[in-house]
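Structure, as structure tokens:
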């Protein structure tokens, strides 16, 4: 028996495809982020180390979805709520990091910023492309991971390029504003996930609203 595929989804083509995809995403990000963190630690690159550790939210999110999917409807709803909680924590962390940057300005590392912007953009679009086929799924957990990937693409890919130029500018107010927007996206996603899961729990036959 394959431990990565719950026995009750063998007759569910979408479920099997989703699990293979989500496991691949989680493990791929884990390997990449691990390499970034080790490299940044060895060469004492604070900003790159922070960016590498931030990937941990994605590993936790997608890994949790991969482990829980197909176990039971209740477990999936709980997992969707957990994903919402992770995104809320990410929002709080973003605001804390903003506070820390204001109080203790970090040195600008152009090469690090370029690398982070490029990899964030590439990974964001790749994950969205991989999950695009599941965007119309009525499963709350699949909807949660799709919403998370979509928000991640907007907040990490699009904002990373703008932030790259903002951080190199004389004033860092634009960079700080982008952090606030990124945090707001995390909290908005948490709200949508909570709303849809509660609606699905109250009426299991209802369709999850598309967002």
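Throughout, read-outs are computed from the coordinates displayed, never taken from laboratory work. For clarity, every value in this text was computed on a predicted model and none was experimentally measured. Cβ coordinates were reconstructed from backbone atoms using ideal geometry, including for glycine residues, and neighbour counts include every protein chain displayed.
Structural remarks
- Extension reserve of the residue 173-residue 135 stretch, reckoned as 0.36 nm per residue once the Cα distance is removed: 10.2 nm
- With the simple model of a label 7 Å out from the Cα in the direction of the Cβ, residue 99 to residue 195 spans 2.8 nm.
- The Cα atoms of the range 49-108 give a gyration tensor whose axes a ≥ b ≥ c have a/c of 1.5 or more with a/b no greater than b/c, which makes the shape oblate.
- Peptides 54-63, 131-140, ordered by how many other C-beta atoms sit within 10 Å of their residues on average, highest first, read 54-63, 131-140.
- Highest-first arrangement of 12-19, 187-194, 38-45, where packing means the average Cβ count within 10 Å: 187-194, 12-19, 38-45
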